[in-house]
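Read through the structure below, which is laid out as structure tokens, and then see the notes.
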Amino acid sequence: MVAMREKIPDILPDRGLFIGGAWRESSAGGRIEVENPSTGEMVCDIADASAADLDEAVSAARAAFDGPWGAVAPADRGRLLMKISSAIAEHHEWLAELEALDVGKPIGEARADARALARYFEFYAGAADKVHGATLPYLPGYSVFTQREPLGVTGHIIPWNYPMQILGRSVVAALTMGNAVVLKPAELASLTSLAVARIAHEAGLPAGALNVVTGSGAGAGHALAAHPGINHVSFTGSLRTGTSVQAAAAAHAVPVTLELGGKSPQILFDDADVDQALPLLVKAAVQNAGQTCSAGSRILVERGLYPLIVARLTERFRALEAGPATADPPLGPLISAKQRARVEAYIELGRCELTLAARGEIAPGAPSGGHYVAPVLFADVPPGHRLAQEEIFGPVVVVIPFDGEREAVQIANGTPYGLVAAVWTRDGGRQLRLAKQLKAGQVFLNDYGAGGGVELPFGGVGRSGHGREKGMAALESFSALKTVVAHHG
Ligand code: TXE
């Protein structure tokens, strides 16, 4: 079998910028090296776009929106998206291999991401011609109706943890509404975005409808957020960068959708079904090595069940191993040496100030240059401790005991974030009470979906951000509601 690294020149020959349906080099000639996080080896490079390239991309998108792409009827847009979905499904194996190489994601998780991307195209293909307006009762002699219209050119800045899924939930929804897109993937994870541009173009997406501009955050990312020709910015990433993106967009009164991560609680009451909960508790916490915005990284357990849960979690954490993506381990490496250093600093702090309940392993034989972190479980963590408050974005999980429903809600809501929450209890009344009281964009009852399926609106409250992606709700984020008032007497 030929390794994915050797296939890259065939799949993405120049790894340039994809603007107006054609590949081109960065105008300043800059390149960024691409590392394999499983080994630390450099595998290829990508173009580093300049502000001038961003201008080109926005102009190409505008020309497509005002021209051929804007003229495509909704049903035809849907057919096109379905064609792209089929092409992605057909190519999903190499897309997954490419992602595993680029971001160190275990190959099984990368396959799931590629399938999810195909599903996004499929879901929105079906939705393209079903976005209806309303007729509104008004004064005698009037007819009033509403219609949803595309915004124009939408900018998308996506992170490195789920490149294909986040492209799916934002870019595909924007295209569905007829917007033309400029996508800036993370510099640490751009290869699948470039591959999707190629696949979509070959499937017939008109030139300029989807432009992919790779480059640094401070360079290309900022230039996109600050561009006066953009009509909406969708950003997923850190709170710090998100607020700077919002400020840059605000200079031109451009609306933004922000998804800024979280510190999501999984709450277990004494009456929880422990056997059902345990595997999901662990998966929700360490999926993608904990580099998941909706990771269930705080496990809150009612006092009666607490010793049992800590013991069972300890067993499971000890058995977890981090290894190279191609071996499909429970955890891959972290994305970069920088991210590993950041996570190790939290672990060091925890070791000094908290009770270490369990630590997993790094697989024997894992390449020494890879960015591996053995998963860690801390128990009896005070809810106000930094490890229980801050998004760590690594395989570091805290367990917190509580007494009764009121304290559970208080602790769960006691961070600046509010993305996802899970409640494990057999008490139906309590399920619904907590669903109301928890500060989160999604609440799972006796389940955890780490963001849930393609159909489910997703986004945060508080510092987790604002706006919704996924499901039909995303189509509202990427369109404007127009009210038409006819006075006919
Ligand atoms: O994120 P950044 P980083 C969190 C997580 C992680 C931390 C740091 O806690 O440990 O952020 O990760 C682009 N203008 N999340 O530094 O900087 C950048 O190129 C415009 C949570 O990698 O937010 C990339 O495409 N864009 C999260 C994207 O922003 C800029 C996912 C995200 O990078 C920019 C990732 C700028 N000035 C990290 N600077 C989640 N919510 O899932 C950078 N970018």
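Coordinate-derived values only; no laboratory data. Bear in mind that the values here come from a model prediction, so they are computed numbers and not experimental data. Here the Cβ is made from the backbone with ideal geometry for all residues, glycine too, and neighbour counts use every protein chain on show.
Spatially close Lys pairs in the chain, defined by Cα atoms under 17 Å apart and a spacing of eight or more places or different chains, total 6. Fully extending the segment from residue 216 to residue 368 would add 52.0 nm, taking 0.36 nm per residue of separation and subtracting the current Cα-Cα distance. Spin-label model, residue 3 to residue 243: label points 7 Å out along the Cα-to-beta-carbon direction sit 4.3 nm apart. What separates the Cα centres of region 217-232 and region 121-180 is a distance of 21 Å. Within the shell of other residues whose beta carbon sits under 13 angstrom from the beta carbon of residue 381, the net charge comes to +1, with Lys and Arg scored +1 and Asp and Glu -1.
Please compute the volume of the convex hull spanned by the alpha-carbon atoms of region 1-96 and report it per residue in Å³. Provide the component values of the computation, followed by the final result.
Working: hull volume 12.0 nm³, N = 96.
Convex hull of Cα atoms, per residue: 125 Å³.
Working out 0.36 nm times the residue gap between residue 93 and residue 14, then minus their Cα-Cα distance, what length gain in nm do you get to one decimal?
Numbers: separation 79, 0.36 × 79 = 28.44 nm, distance 2.14 nm.
Extra length from residue 93 to residue 14 when fully extended: 26.3 nm.
For region 219-345, what does the relative contact order come out to in percent, with C-alpha contacts under 8 Å and a separation of six or more? With pairs under 8 Å counted, the relative contact order is 19 percent. Taking the Cα centroid of region 332-351 and of region 445-473, what is the distance between the two, rounded to the nearest whole Å? Cα centroid of region 332-351 versus Cα centroid of region 445-473: 27 Å apart. Each of 477, 214, 374 was scored by the projection of its Cα onto the charge dipole of the chain, and the greatest displacement toward the positive side belongs to 477; charges sit on the C-beta of Lys, Arg, Asp and Glu.
Is the chain best put as rounded, prolate or oblate by its Cα gyration tensor, with a ≥ b ≥ c the root eigenvalues, rounded for a/c under 1.5, and otherwise prolate when a/b is larger than b/c, oblate when not? Verdict is oblate for the chain. Taking a point 7 Å out from the Cα of residue 147 in the direction of its Cβ, the residues of region 159-202 whose backbone N falls within less than 18 Å of it are 176-180. Here's how it looks for residue 322: its modeled amide H is under 5 Å from those of 361, 362, 363, which are all 5 or more places away or on a different chain.
In order along region 424-433, phi translates into HN-Hα couplings of 10, 7, 8, 7, x, x, 5, 3, 6, 4 Hz, rounded to whole numbers, per the Karplus curve 6.51 cos²θ - 1.76 cosθ + 1.60 with θ = phi - 60° and x for Gly and Pro.
Between residue 261 and 237, the built amide H atoms are under 5 Å apart, and every one of these is 5 or more places off in sequence or on another chain. Pop a pseudo-label 7 angstrom from the Cα along the beta-carbon direction at both residue 485 and residue 52 and give the gap in nm to one decimal. About 4.9 nm separates the two model spin labels. For region 437-447, backbone phi angles converted through the Karplus equation (6.51, -1.76, 1.60; θ = phi - 60°) give residue-by-residue couplings of 7, 7, 8, 6, x, 9, 10, 9, 10, 6, 5 Hz, Gly and Pro being listed as x. Within the shell of other residues whose beta carbon sits under 11 angstrom from the beta carbon of residue 76, the net charge comes to +2, with Lys and Arg scored +1 and Asp and Glu -1. Calculated FRET efficiency, residue 473 to residue 403, Cβ-Cβ distance, R0 = 35 Å: about 0.45 to the nearest 0.05. Taking θ as phi - 60° and the Karplus parameters 6.51, -1.76 and 1.60, the scalar couplings of region 226-239 work out to 8, 6, x, x, 9, 9, 6, 10, 10, 10, 10, x, 7, 4 Hz in sequence order, x denoting glycine and proline. Once the Cα-Cα distance is subtracted from the 0.36 nm per residue extended length, the residue 413 to residue 390 segment shows a gain of 7.0 nm.
How long are the three semi-axes of the equivalent ellipsoid for region 144-267, computed from the Cα gyration tensor as the root of 5 times each eigenvalue, in whole Å, largest first? Walk me through the numbers before you get to the answer.
On the way: eigenvalues 91, 74, 51 Å².
Square roots of five times the eigenvalues give 21, 19, 16 Å.
Modelled this way, with points 7 Å down the Cα-to-C-beta line, the labels at residue 135 and residue 24 are 4.9 nm from one another. Report the calculated FRET efficiency for residue 352 and residue 73 (r = Cβ-Cβ distance, R0 = 51 Å), to the nearest 0.05. In this case the efficiency is close to 0.25. Charge dipole (Cα centre; +1 on Lys/Arg Cβ, -1 on Asp/Glu Cβ; no other charges) of the chain amounts to roughly 980 debye. By the scheme Lys and Arg +1, Asp and Glu -1, what is the net charge of all other residues having a beta-carbon under 14 Å from that of residue 152? Neighbourhood net charge equals +1.
Round to the nearest 0.05 the FRET efficiency obtained for residue 380 and residue 455 when R0 = 35 Å and r is the Cβ-Cβ distance.
0.35
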